Each structure stands twice: as structure tokens, then as C-alpha cells.
Amino acid sequence: MHGCPAGSDNRSFSGRPWQDRTADTATTLRFAQRHGLPELLAGVIVARGVAEADLARYLSPRLKDWLPDPSSLPGMDALADRLAWAVRHEETVALFGDYDVDGQAAVALLARVLATFGVRVLHAVPHRLRDGYGPNERAFRDFVAAGARVIVCLDCGSTAPGPIAAIANEADVLVLDHHRADGPPPGVHAHVNPNTPPVAEALSTLCATALAFLAAVATNRELRRAGFARAVSNGVLLDLVDLVALATVADVMPLVGLNRAFVARGVEVMRRSPRPGLAALATVSGVGIETIDAEAIGYALAPRLNAAGRLDDAGIGVALLMTEDAREAQSLAQRLDRLNRDRQAIEAAVVEAALVEAERQVAVGRSVLVVAGKGWHPGVVGIVAGRVRERFGRPAVALALDGETAVGSGRSVPGFDLGAAIGALVRQGLVVKGGGHAAAAGVTLAASRLGAFAEALDAAWGVTGEVQEPVVIEGRCQIEGVTLEVAHALARLGPFGPGNAEPLVEVAGRVASVAAVGAGGAHLRVILAGEGGGRLAAIAFRAGGTPLAQGLAAARGGLVRVAAALRPDRFHGSEAVGLRLVDAACA
């Protein structure tokens, strides 16, 4: 029998709670009429509490409305002064970045700026398996031997006192980082990190590439004050915000305020005049560079760049972001694409084993899931932790065991600062090293201490069981009201991501058909029929075999409410409105 069973109308098929955040109808109508906005868009804006005075810059996020004075960051003036001195006195500057996208992009951005100033630039990123995370003394001494008198650490360095102190008498070390730390490392010449005391709260969500951009602005300002002939216009610097957008999305930074403006402007730069590397990467990813957005950066570009740091040499990614040669860019992009496919194959095997172990831990009442395995590739454990967290709704840490050592990465849920929790365990001596952000962190510890580590994280979280993130409804619409015009209007609220979620709209209709699509039936294609005869296609990504798929199949022919994002779908040069279905319930 098809259709919704009696008494089931208050339960969503996925089991997640629905939270109604729709605005008052009368207030919405007045707001829409006063500002000439579609009612659905006005309702979301009202529901999000956007003040009318901020409406213009909210709907059109521009850097000039959000960009701070770089001097507001503690340590930035000292860092810019030292870089400007290096430029004016023709010193060689070395850049050392992390192996993820943020580190790669920060190196590419600052290298481009310094080269424009006429500086000789050296750069390096560590090899994950050979060097581990962060600066190392060997790389620093290689820089000094090659003539560097200034070394800039990008997306790392705040927790590297040994290498910095070892080289402090031979080169000035500058740090641009955003990982939590207790303070500047000993021996550092200048330290810019909005997440170390004194914490710069307003800028604490910036990634390292954003900090590198602000450092470029500050250094250029100092050179102008000194009358340096090769100082550049602000327009030249603004053309580098595509790298800031790339890193901000890849590092999963909150897309609010300045970050949202960075991504909005950066996406414009990518579309208008893409650098050869990003254009080539978009091509191998099957993404049209002229329509690229934050979502495409996250699912297509960032994973391929990260694959280099996970499995091979992150220098491949840096080279791609720096090259001006289209042929070289295409070759590097193809290499990154192959590495990403290798990463996916390795990841799939590890995820399968990790989910089995996580299921066992859930059964015995573990709250923070700590999974580990011999032979697991250290480059994929962060993704594996994310898959475990996604499946079970709990913080998760995945670790690769290598002899007596466990090296891993964790992903958290809202309300639990995993980076701070692991940092506290470092100070207690339970783990060798670790730390990161609220949502993600890395860790290294003795394999023999895994049990104690898991128990300590359980105690730090203090929550029992799964955390079900609610499905937040911010508008309602009939099928006949789902138009391309409305979808374009809602798109003005983007770029979407953490901190600025794509609004979900409740749409009612009958389930005309449900079909599994994609490789292995991973996704669902659903056709909804309206009372007035309208029909609408919806896609539920990665929903194959889930309770959502089972509920929709059982409801075929019945009336349901779906929670979905309305968006313009582009296909072969034409546009149509589509729904990205997140959840459904009987109506």
C-alpha cells in the first residue's frame, strides 16, 4: 500500500526534528512591500533578524563595507614593517605553508604579491607522511642556506616553538596562523593569530589566506608611505581574493560578515578572469568556471587540491595556483584529479571499517566516537571522521595506527569545541600534540592511550547520545509558487555555507515518483505533483538506502511536506528551478 500511514504526520522520514522559524505573515508582507522584495525572500530576511539598516550590505556583500584596518589585528603592524623592510632592501623571503588548501592558497597569494614587489621568493609545504604537520627545522635551514632572511609561516607556526627558536638567530620568523594556541611561540619576530591572546574576536573566523591578504594590504600600505615605486593599487590586490574565497570555503569558515564578502567577491573574480590553475581544475572537475559558486568550490575544487596534501606532495597544489601557463595548469589539474580518485578509493575502504567500529561504540554507549585502524592512510582520516560524525550525529575522531603511535583527525558537532578539548589534553600530557578549530582538530598520541583519550573526550563533551541537528524551516510555498524568479531571489542570500545556511522552504505535494539515481543509486530523484497540476523535480543527495528514501518510497501517491532548498538548475545552457530535498514528512 502506498501513501502515508495514519498518525505519522508529525514524524520526519529521517527522524530529525523540524524547527519552524518562519516569520510572521503580516510583518513579512510589510517588509516585502516596503523594500520591493518577493514575499518568500522577505520572510527569510525577517526570520534571520536582519536589521533594515543592514539590508543593502546583506543582500550585496561588498568588501569595502566589511574590510577592516589590518592594524586592528595584534602583531600585524610588526609583520608588515618587517616585510616592507625586506622588500625595500631586496632580501629573500621564504614562505612555509600548511599542506591543506588554506596553506597552499596562502603561499600562492603572498608569493604573487611579493614577486610583484620584486622580491625573490622561496616556498615550501611539508609532506604529510614524511614531515608531519607544521614547520620543521630542516626546511628552515634549507631556506637560510638558500639566502632567506625572512621566513613566513602560513596556516601554521603558532605551535612550533622548536623550529622557530632554533632558527631565530639566523632569520626573522613571521607567523600568519588561525589555529588556537596559548600565545606567540618563543623566538618569533611577529605573530598574527586572531585566536591567541589577545583574541581578536571580530576576526577570529578568518582563515590563514584571509590573514595573508590583510598582510599584503598592510605591507603595500607601508611601502606606499615609504614612497616605494613598485607599491600596487588596491585593485591589483583585490584580484587575489579568489584565493581567499577558495581557502575560506575549503577550510569550512563561517560565511558571515567579512568571510561572506570575501567569498562573494572571490567567486566574481573566478568567473570573470579565472587564473589558469583554477580554470583547469574546474574543467577536470566538470564544473563550468563561468557559473562556479561556493558549493562547487567545496565539492569539486577543494577536494582535488586537498588530495595532493593527503596522498602526495601539496606542492602540486601550490604550483597549480601559481602557474600562468595554461598547458602546465592542465597537466597539474589532471594529476590532482587522479590523486582525488585514488583518495576516494582509499577513503571508501577505511570508511567501511570505521562505520562498523563506530556502530559497536554506539551500542555500548560511547558518546564521542574514536575509531582507529592499522593500515589506515593518515591522509584520509579527517574525511573518515566526518563521515562517522555525519552518520551518527556525534563528535568523531579517526586515527591511523603506525606501530606505537596513533595519528588522526576529528570532526565535531555544534556546541562542542573539539580543538579546545584536544588542546586541553595536550596540556594534561595525555596526547603528544594536537589542536585546531571548534569543528575540526588533529591529534597525535601513543596508541596505548587510545582508551583514556576516548574517555577524556566523552567527559569533555558531557553529552550522552546523538545530537540531531534540526531541519530549520524558514519559508513555505506551494508547488505552483516555486518559480525560477523566486529561486534567483533566494540566491541573493548567498554565498551559502557554515553560519549562513541555504534557506529551507517547506513545500507540500504528492509523491508522483521516486527513483534512485547516480552511481550505485546514491541519490534520489523525486517528482512532486501539486493540487493545481504542477509538477516539480527534487533531488536528495546521498539519500539512497536511508530512512528518508524508505519513507518517500512508502509515501508514493500520498501527500508529503518536503524541506528543500530552492535553486536555479543550469543544464546545457538553460535554467529551470529545482529542489534540493533535505527531509520529508507526511502531510
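Below is a table of values for the structure above.
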quantity	calculated
Yes/no for Gly499 being closer than 30 Å to Tyr58 by Cα and surrounded by fewer than 16 Cβ atoms within 10 Å (Cβ to Cβ)	yes
Of residues in region 505-521 being aliphatic (A, V, I, L, M) and under 27 Å from Ala23 (Cα atoms), the one farthest from the chain's Cα centre (by Cα)	Ala508
Test result for Ala501, closer than 27 Å to Gly530 by Cβ, within 26 Å of the chain's Cα centre (by Cα) and in contact (Cβ under 8 Å) with a residue 40 or more places away in the chain	no
Unique residue being outside the structural domain of Arg542 (by TED's automatic domain parsing), in a helix (DSSP H, G or I), of a type in the set (Asp, Glu) and surrounded by 14 or more Cβ atoms within 10 Å (Cβ to Cβ) when the list is Glu357, Glu352, Glu390	Glu357
Residue that is farthest from Phe392 (Cα to Cα) [pool: residues in region 445-468 that are touching a Ser or Thr at 6+ places or on another chain (Cβ under 9 Å) and crowded, with 17+ Cβ neighbours inside 10 Å]	Leu445
Cross-chain or 6+ apart pairs with Cβ under 7 Å, region 416-438 first and at positive phi, then polar (S, T, N, Q)	Gly434/Thr444; Gly435/Thr159
Residue that is farthest from Gly103 (Cα to Cα), among those in region 253-271 that are under 14 Å from the mean Cα position of the chain (by Cα) and surrounded by fewer than 19 Cβ atoms within 10 Å (Cβ to Cβ)	Val256
Those helices (runs of 4 or more DSSP H) lying entirely in region 50-128 with at least 3 residues surrounded by 24 or more Cβ atoms within 10 Å (Cβ to Cβ)	76-88, 101-116
Residue count for region 401-419, restricted to those that are buried (at least 16 other Cβ atoms within 10 Å of the Cβ) and either aliphatic (A, V, I, L, M) or out of contact with any His (no Cβ under 6 Å at 6 or more places or on another chain) (or both)	12
Selection within region 550-587 - in a helix (DSSP H, G or I) and touching a residue at least 40 places away in the same chain (Cβ under 8 Å)	Gln550, Gly551, Leu552, Ala554
Qualifying positions in region 226-267 - at pLDDT below 95 and among the basic types (Lys, Arg)	Arg230
Ala512 touching a Ser or Thr at 6+ places or on another chain (Cβ under 6 Å), modelled with pLDDT of 90 or more and not in a helix (DSSP H, G or I)	no
Pairs, first closer than 11 Å to Ile346 by Cβ in region 373-391, second in a loop (DSSP other than H, G, I, E, B) and at pLDDT below 95, C-beta under 9 Å, six or more apart	Gly379/Asp312
Those residues of region 138-158 which are in contact with a Gly (Cβ under 7 Å, 6 or more places away or on another chain) and of a type in the set (Asp, Glu), in sequence order	Asp155
Selection within region 171-183 - at pLDDT 95 or above and either within 13 Å of Leu83 (Cα to Cα) or surrounded by fewer than 22 Cβ atoms within 10 Å (Cβ to Cβ) (or both)	Ala171, Asp172, Val173, Leu174, Val175, Leu176
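Residues checked against (1) surrounded by fewer than 13 Cβ atoms within 10 Å (Cβ to Cβ); (2) modelled with pLDDT of 95 or more:
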{"site": "Met1", "(1), (2)": "yes, no"}
{"site": "Cys4", "(1), (2)": "no, no"}
{"site": "Gly7", "(1), (2)": "yes, no"}
{"site": "Arg11", "(1), (2)": "no, no"}
{"site": "Asp24", "(1), (2)": "yes, no"}
{"site": "Thr27", "(1), (2)": "no, no"}
{"site": "Ala42", "(1), (2)": "no, yes"}
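The values are calculated or read from the model by the stated rules, or taken from the named source; none is laboratory data. Here the structure is a predicted model, which is why all the values come from computation and not from measurement. Don't worry about glycine lacking a Cβ; one is built from the backbone with ideal geometry, like all the others, and counts go over all protein chains shown.
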